[in-house]
Every structure is written in C-alpha cells, then in structure tokens.
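Note sheet for the following structure.
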Amino acid sequence: MAGQEKLDVEMQRFILAEQEKVKFQGHVHNITDACWDKCVDKVGSKLDSRTETCIVNCVERFIDSSNLVTNRFTQIGQN
C-alpha cells in the first residue's frame, strides 16, 4: 500500500501543477484579449510604437491590479 500512496501523492502533485498551468494560461489569454482590444486599431506586419507602448502599459497595469487585489484579499484573510 505504501507504493500506491506514493503514486497517489505524486498524481495529486501532477494534477495541481497542471491546474496551475491552465490557470496561468487563462490569465495570459485574458490579458491578451483585454490589451489587444484596447490597443490594436489595425493589424500590420509589425506594431507601431504607439501600439507597442499601449500594450506594454496595459499589461503592466493589469499585473499591478491583479497583484493589488491578491494582496488585499491576503490581508483580509489574515485578519
């Protein structure tokens, strides 16, 4: 039975890691959608500097906002 329990624990770790990957990919997808819609007016062979700057700022603000919300919920959970 100890061998089976070890496999179960390893399987749980694997499943958790895969779930985290899916969650991360979902966040990337959401950021991409939001910033694309906000910043890209026309599609060309490359991004112009205004569009590139907009996308960089959008992604940075999205990450800042996500971190702020996460930290706030952590604080609330600790109190």
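Assorted remarks:
- All conditions but one from (1) over 20 Å from the mean Cα position of the chain (by Cα); (2) of a type in the set (A, V, I, L, M, F, W, C); (3) assigned to a helix (DSSP H, G or I) apply to Leu47; the one that does not is (3).
- Scope the range 33-51; condition open to solvent by less than 100 Å² (accessible area, probe 1.4 Å) and of a type in the set (D, E, K, R); matching residues: Asp33, Asp48
- Residue pairs meeting the criteria (Cβ under 8 Å; at least 6 apart or on separate chains; first part of a helix (DSSP H, G or I) and modelled with pLDDT of 90 or more, in the range 54-78; second basic (Lys, Arg) and open to solvent by 70 Å² or more (accessible area, probe 1.4 Å)): Cys54/Lys38; Cys58/Lys38
- Qualifying residue in the range 10-32 (condition: open to solvent by less than 80 Å² (accessible area, probe 1.4 Å), polar (S, T, N, Q) and touching a helix residue (DSSP H, G or I) at 6+ places or on another chain (Cβ under 6 Å)): no
The values are calculated or read from the model by the stated rules, or taken from the named source; none is laboratory data. Bear in mind the structure is a predicted one, so any value in this text is a computation, not a measurement. No Cβ is skipped: glycine too gets one built from the backbone with ideal geometry, and neighbour counts run over all protein chains shown. Please note that ligands, DNA and RNA were not included when accessible areas were found on the heavy atoms of the full protein model with its side chains. Shrake-Rupley method; radii C 1.70, N 1.55, O 1.52, S 1.80 Å.
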